[in-house]
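Colleague: One structure is given below, represented as structure tokens, and several questions about it will come after.
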Amino acid sequence: MKVDILALGMLTCIRKAFDLIESHYGKLCTLASIPQDDPAVYEMITEADTLGVFQIESRAQMSMLPRMKPTCFYDLVIEVAIVRPGPIQGDMVHPYIRRRNGEEAVDYPSDEIKSILERTLGVPLFQEQAMELAIVAAGFTPGEADLLRRSMATFKFNGLVTKFEHKLINGMTSRGYSKDFAQRIFKQLEGFGSYGFPESHAASFALLVYVSCWLKHYYPDVFAAALLNSQPMGFYQPAQIVRNAQEHEVKILEIDVNHSEWNNTLEEKSGRYCQLRLGFRQIKGIREEEMERLVAGRLKHYTEVHQLCDAGVTVATMEKLANADAFRSMGLDRRKALWEVSALHDRPIAIYEGQPSESNYEPQVDLPLLRQSEHVVQDYATTGLSVKGHPLSFVRDKLELLHIITARQANAAVNKKVIKTAGLILIRQRPGTAKGVCFITLEDETGTANLVVFPKLFDKYRKEILHARLLMVEGVVERTEVTHIIVRRIFDITKLLGDLTAIRNEKQPVLTLSRADEKASPFIPIEKPLKPADTEPANYLHKGRNFK
């Protein structure tokens, strides 16, 4: 027996979500008690509304979901396993989708093969199926089949599977199977040498996929809070998790010294869901021990800045709190709060404690107010997100002068239309299975746009792709079940961000790159020259990655 024990961040997230449901909704949940096969949950999955959930939140998975249209648990098992380098390179994706959609007949050369492959429509997707095929159809011993499984183990790029080619094909042909069928099966199994999934592994993952989707659908407030409290994990940064929660009607409350705790918490309901109060953990450079002292000393609301000092919070930490705009409940915006905190440096201490400070004799100063865009930039600098607005909303008028449409408008545009759109870079990926094609996701105040950049175009605009913060593209809309923009031209318009603050700065700290962003290693020159990319949008992907 082979058992894998995985310490998954999603397990932590689900446990915290169950605790929040019990404390705020009075309902006791366990992995076993979640209602199975809920049509509303599968409808959400089919719409690819899966940001933050386990395993199926990547761009590749989101592109596959509307085509796969899962309706039951086993569909999720297959979904988890099929969008992997192994099945993609083994050309298993297209046959499965065609057969699932009734576009291709499912045929089995024998009842033995049917008993093994029927549940995956004649396509071997799992390591267990590969082992069964080797034993039943090619005459492998169980020990030899296990060696085949080991050669297909995750990330073994050393071509061990090919050593079994002769034995597998000869074994199948000697038992009456055609050579074409034997070679097709071997080609599919060979793909597992890159990354093949065991069925048991996929089933365990699928359970967490379903549970996380159920939580997101019925308790988006709880799910967002639990996900934020379990960071770092997953594909996206807190800024995208918070934005997505807002899209699901969850009201987000800012960090505040009188209301926040270390973790993100839920407060009284606003509409259908509880309000989500951001916690001190979102502030960069803050220590949990100090925030616990702040919360413990908060018997009544803090009304004076020096009271935080009395509770044991250092002036340096208070400056970080002020920078994060956490003093609003005391009537202080970040600039006034910083002014008040700086006055604590000359506060009398020790034997002089209680004596009037020099600051008491200073004349009152009317500080100039920060613009809203400056508050947003400072929010991103201190917490990596902002509830006040999105950076691009402040330059939208300039973008409109350039006839640049929003991500929402781009996603709604008619097929084949030439459009211009712009956004902050979230993700750049250049998978090995995509033959040099680069996938980019841009974000603006309305949502995200998915770009496809051909190899030649990538080489031409490498500098812009790698170094821009704000990217503008011109391209052709391709609408199928999902929408992509086939890029024709790329422009770095980062300069527009410079006007967000009074002191011009083009390197504003407003990027929230996904953990899947691949700026470094995948973008080194490819050793083998690439074939010229087809300019026809329908062929913009390697056939294994084109989930049509």
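Colleague: Enumerate the residues in the range 472-512 having an amide nitrogen under 14 Å from the point lying 7 Å beyond the Cα of Asp333 toward its Cβ.
Modeller: Residues passing the 14 Å test: 501-502.
Colleague: Among the aspartates and glutamates, select those whose C-alpha is under 16 Å from the C-alpha of Lys167, and discard any that sit fewer than 8 residues away in the same chain.
Modeller: Correct list for Lys167: Glu132, Glu144, Asp146, Asp180, Glu190.
Colleague: Placing unit charges on C-beta atoms (Lys and Arg positive, Asp and Glu negative, everything else neutral), compute the dipole magnitude of the range 445-494 about its Cα centre in debye, rounded to 20.
Modeller: 240
Colleague: Under the rule of at least 5 residues apart or a separate chain, name every residue whose amide H is placed under 5 Å from the amide H of Leu266.
Modeller: The answer is Arg277.
Colleague: Calculate one ³J(HN,Hα) per residue across the range 298-311 by plugging θ = phi - 60° into the Karplus curve 6.51 cos²θ - 1.76 cosθ + 1.60, and present them in order as whole Hz with x for glycine and proline.
Modeller: Ordered by residue, 3J(HN,Hα) equals 8, 5, 10, 4, 5, 10, 10, 4, 5, 5, 5, 4, 4, 7 Hz.
Colleague: On to the next question. State to the nearest 20 debye the size of the charge dipole of the range 47-136 about its Cα centre, where the only charges are +1 on K and R beta carbons and -1 on D and E beta carbons.
Modeller: 220
Colleague: So, with a 1.4 angstrom probe, what is the percent of accessible area on the range 21-65 that is carbon and sulfur?
Modeller: 56
Colleague: Kindly list the residues of the range 410-446 that lie in the label zone of Arg489, defined by a backbone N under 18 Å from the point 7 Å along the Cα-to-C-beta vector.
Modeller: 417-423, by backbone N distance to the label point.
Colleague: Related question: Under a 1.4 angstrom probe, counting protein chains only, how are Lys435, Lys416, Lys16 ranked by accessible area, largest first?
Modeller: Lys435, Lys416, Lys16
Colleague: Using a probe radius of 1.4 Å on heavy atoms only, what accessible surface per residue do you get for the range 211-327? Whole Å² is fine.
Modeller: That works out to 38 Å² per residue.
Colleague: Still on this model: Using a Förster radius of 30 Å, what is the FRET efficiency between Asn505 and Glu261 based on their Cβ-Cβ separation? Nearest 0.05, please.
Modeller: 0.35
Colleague: Counting only residues 5 or more places away or on other chains, whose amide H sits under 5 Å from the amide H of Leu470 once H atoms are built in the peptide plane?
Modeller: HN-HN under 5 Å from Leu470: Ile493, Thr494.
Colleague: Using the beta-carbon distance between Glu103 and Gln183 and R0 = 25 Å, what value does 1/(1 + (r/R0)^6) give for FRET efficiency, to the nearest 0.05?
Modeller: So the FRET efficiency works out to roughly 0.60.
Colleague: What does the accessible area of His201 come to, in Å² to the nearest 10, when a probe of 1.4 Å is used?
Modeller: So the heavy atoms of His201 present about 40 Å² to solvent.
Colleague: Looking at the square roots a ≥ b ≥ c of the eigenvalues of the Cα gyration tensor of the range 450-501, which shape do they give, rounded for a/c under 1.5, prolate if a/b is larger than b/c, or oblate?
Modeller: oblate
Colleague: According to the square roots a ≥ b ≥ c of the eigenvalues of the Cα gyration tensor, what is the shape class of the range 268-312, taking rounded for a/c under 1.5, prolate for a/b larger than b/c otherwise, and oblate for the remainder?
Modeller: The shape class here is oblate.
Colleague: Mind checking which aspartates and glutamates have their C-alpha under 15 Å from Lys463, skipping anything on the same chain fewer than 8 residues away?
Modeller: Straight-line reach from Lys463, under 15 Å: Asp492, Glu518.
Colleague: Sequence-distant or interchain residues sharing an amide H contact under 5 Å with Thr501, placed H: which?
Modeller: Under 5 Å from the amide H of Thr501 lies no amide H from a residue far enough along the sequence or on another chain.
Colleague: With point charges of +1 on the Cβ of Lys and Arg and -1 on the Cβ of Asp and Glu, referenced to the Cα centre of the range 10-87, which listed residue (Ile82, Val41, Val53) lies farthest in the positive direction of the dipole?
Modeller: Result: Ile82.
Colleague: Need the full-extension length gain, Ser204 to Arg515, defined as separation in residues times 0.36 nm minus the C-alpha distance. One decimal, nm.
Modeller: Taking Ser204 through Arg515 to full extension adds about 109.6 nm, to one decimal.
The values are calculated or read from the model by the stated rules, or taken from the named source; none is laboratory data. All of these numbers come straight from a predicted model, not from anything done at the bench. Note that each Cβ is placed from the backbone with ideal geometry, even for glycine, and that neighbours are counted across all protein chains shown. For accessibility, only protein heavy atoms count, side chains too; no ligands or nucleic acids. Shrake-Rupley method; radii C 1.70, N 1.55, O 1.52, S 1.80 Å.
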